[in-house]
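Taking it in order: structure first as structure tokens, then the write-up.
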Amino acid sequence: MKKVISRVVLAAGALSLTMLAQAAGEDTIKVGLIAPFSGPFADYGKQMEGGIKAYMAQHGSTVAGKKIEVIVKDTTGPSPEIAKRLAQELVVRDKVDFLAGFGLTPEALAVAPLAEQAKKPMIIMNAASSAITTKSNYIARVSMTLPQSSAPMARWALKNKIRNVVTLVADYAPGIDAETAFKAALTEGGGKVQEAIRVPLKNPDFAPYIQRIKDARPDAVFVFVPPGEHTIAFMKGYRERGLAEAGIKVIGTGDLTDDHMLAAMGDATLGVITTFHYSAAHKSPENAAFLKSFASANPGAGRPNFMAVGGYDGMAAIYEVARKLNGDINGDKTMAILKGMQLNSPRGPIMLDAATRDVVQTEYVRRVEKVNGELFNIEFDQFPNQKDPGKP
């Protein structure tokens, strides 16, 4: 009899624990953050997570009466298969409400079919190939696309008598997007791409490419390579091989003079002109608050960059959805709210285009300058309300 009672008590206890776990789950909004946190692109994940921490430090860890839980998954990237497996685990086992992050296009593309099948909202915080949002109706992007930065760079170049250009891009979807958009805008305005160079995404040796650029003697070289080791290596080679002395300017997307890497790149970047949606030197109350919160929430992490802003704004979008749905997250209702959403970002006002679910934002023209002994991307011109020209 005692054994029977014990079993009943144990069963009741187990049931209570199950109910408590379910209740805890119902009181939590889970965000699965998929990005590289180790390997050559480790800073991508760390910057996005840093931006998320900054947002939550400012706005609290609860919204609509529910606690926000961020579950971090490392792809070691670029690793599409690992990203897909991690997303499956997050959806099936962890039962996340949102998939988020995605530092690299191949990883985002690998997860897109899963988001579509599971009707799981997927918030892109960096990956910048135009095609990504077309691969699932449940994807929204708060970051950027490469054509969004590249086309304005071509228009600025033409306005400033830069007409003959060699392009150098990383040989994967975002790089090809950047090359295509830049060339289209430049040739439309009467300019010419003398040579289009594509370099491997992994471990490129820039020396022979830089010599080719020097031999071609263009007005400028337009560059897109992922920020980090690639940008440091390119700028070092540019200076050492005398392209500046040969009168060949460097122009590109803001990845080239990434805020987080500027100190490591040093004075080789002085005078480089880029178009981009965010600079740590951007003057606004929202950016001042972001920089303060990032420093407080991420001691020792250094200067935040555009990926940190992507993480910050991604969380702002998630919080806004949670408020409007009173914490009851539903895939279709979430996407309806995201379409047309407007946010006051550290970069300036942004909107998610209702038709494409891609961000609409100002692209700033910036020059690397030294301010109080530190290198910054100083904004001096702008192209407002830029949609992604890589889509119809």
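Residues that are touching a helix residue (DSSP H, G or I) at 6+ places or on another chain (Cβ under 7 Å) and not in a loop (DSSP other than H, G, I, E, B) were ranked within segment 229-250; the one that is surrounded by the most Cβ atoms within 10 Å (Cβ to Cβ) is V250.
Can you find a residue that is in contact with a Ser or Thr (Cβ under 7 Å, 6 or more places away or on another chain), crowded, with 21+ Cβ neighbours inside 10 Å and either within 19 Å of D259 (Cβ to Cβ) or modelled with pLDDT under 95 (or both) anywhere in segment 64-82? Scanning segment 64-82 turns up no residue that is in contact with a Ser or Thr (Cβ under 7 Å, 6 or more places away or on another chain), crowded, with 21+ Cβ neighbours inside 10 Å and either within 19 Å of D259 (Cβ to Cβ) or modelled with pLDDT under 95 (or both).
Among the residues here, A115 qualifies as aliphatic (A, V, I, L, M) and surrounded by fewer than 24 Cβ atoms within 10 Å (Cβ to Cβ).
Summed over segment 159-186, residues that are closer than 17 Å to P78 by Cβ and without any contact (Cβ under 8 Å) to a residue 60 or more places away in the chain total 4.
Of the residues making up segment 261-278, those that are over 16 Å from V223 (Cβ atoms) and either buried (at least 22 other Cβ atoms within 10 Å of the Cβ) or not assigned by TED's automatic domain parsing to the domain that holds D177 (or both) are H277, Y278.
Within segment 209-228, the set of residues being within 16 Å of P174 (Cα to Cα) and not in a loop (DSSP other than H, G, I, E, B) comprises F222, V223, F224.
Within segment 69-119, the only residue that satisfies the criterion of being under 16 Å from the mean Cα position of the chain (by Cα), polar (S, T, N, Q) and farther than 12 Å from I34 by Cβ is T105.
Candidates F102, F98: the one that is touching a residue at least 24 places away in the same chain (Cβ under 8 Å), more than 21 Å from D177 (Cα to Cα), of a type in the set (F, W, Y) and buried (at least 19 other Cβ atoms within 10 Å of the Cβ) is F98. So I162 ticks every box in (1) assigned by TED's automatic domain parsing to the domain that holds I210; (2) touching a strand residue (DSSP E or B) at 6+ places or on another chain (Cβ under 9 Å); (3) part of a helix (DSSP H, G or I); (4) surrounded by fewer than 24 Cβ atoms within 10 Å (Cβ to Cβ) but one. Which box is left unticked? Answer for I162: the failing condition is (3).
Restricting G373, G340 to those that are at positive phi and assigned by TED's automatic domain parsing to the domain that holds N287 reduces the list to G340. Scanning segment 180-208 for residues that are assigned to a strand (DSSP E or B) and of a type outside the set (A, V, I, L, M) gives K192, Q194, E195, R198. Summed over segment 347-367, residues that are touching a strand residue (DSSP E or B) at 6+ places or on another chain (Cβ under 9 Å), surrounded by fewer than 16 Cβ atoms within 10 Å (Cβ to Cβ) and among the small types (G, A, S) total 0.
Among the numbered conditions (1) without any contact (Cβ under 8 Å) to a residue 60 or more places away in the chain; (2) buried (at least 16 other Cβ atoms within 10 Å of the Cβ), the only one that G311 does not meet is (1).
Per-residue answers, yes or no, for (1) without any contact (Cβ under 8 Å) to a residue 60 or more places away in the chain; (2) surrounded by 18 or more Cβ atoms within 10 Å (Cβ to Cβ); (3) among the aliphatic types (A, V, I, L, M):
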{"site": "V321", "(1), (2), (3)": "no, yes, yes"}
{"site": "K333", "(1), (2), (3)": "yes, no, no"}
{"site": "E369", "(1), (2), (3)": "no, no, no"}
{"site": "Q386", "(1), (2), (3)": "no, yes, no"}
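The values are calculated or read from the model by the stated rules, or taken from the named source; none is laboratory data. This is a predicted model, so every value here is computed, not measured. No Cβ is skipped: glycine too gets one built from the backbone with ideal geometry, and neighbour counts run over all protein chains shown.
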